[in-house]
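Data block below; observations after.
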Amino acid sequence: MDMDHDEEDEISLEPRREVDWDEYVYLQEQERSQVSLDAKDLVALFVAALTTIFLPIVILMVILVVIALLFGFIA
């Protein structure tokens, strides 16, 4: 006999807890709200974009420059 199968049967036989749906409240958000970005917010977005999207491109450029310098010094 498989012991795991017996444990699963015991777990499934436990009574389920009733959910009190009164605890959950739906708050309607405004349909459109204007958000004004400060300069520091724009700088933060720019840095985040550089680190996530452009970081592999920057690393590739650095590697290619190093390889070009190595071949330039060899030849």
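Brief remarks follow.
- Between VAL35 and LEU55, the C-beta separation translates, for a Förster distance of 35 Å, into a calculated FRET efficiency of about 0.85.
- For the pair VAL62 and ARG16, the difference between a 0.36 nm per residue extended length and the Cα-Cα distance amounts to 10.7 nm.
Coordinate-derived values only; no laboratory data. Keep in mind that what you see is a predicted model, and the values were worked out from it rather than measured. With ideal geometry, Cβ positions are generated from the backbone for all residues, glycine too; neighbour counts draw on all protein chains shown.
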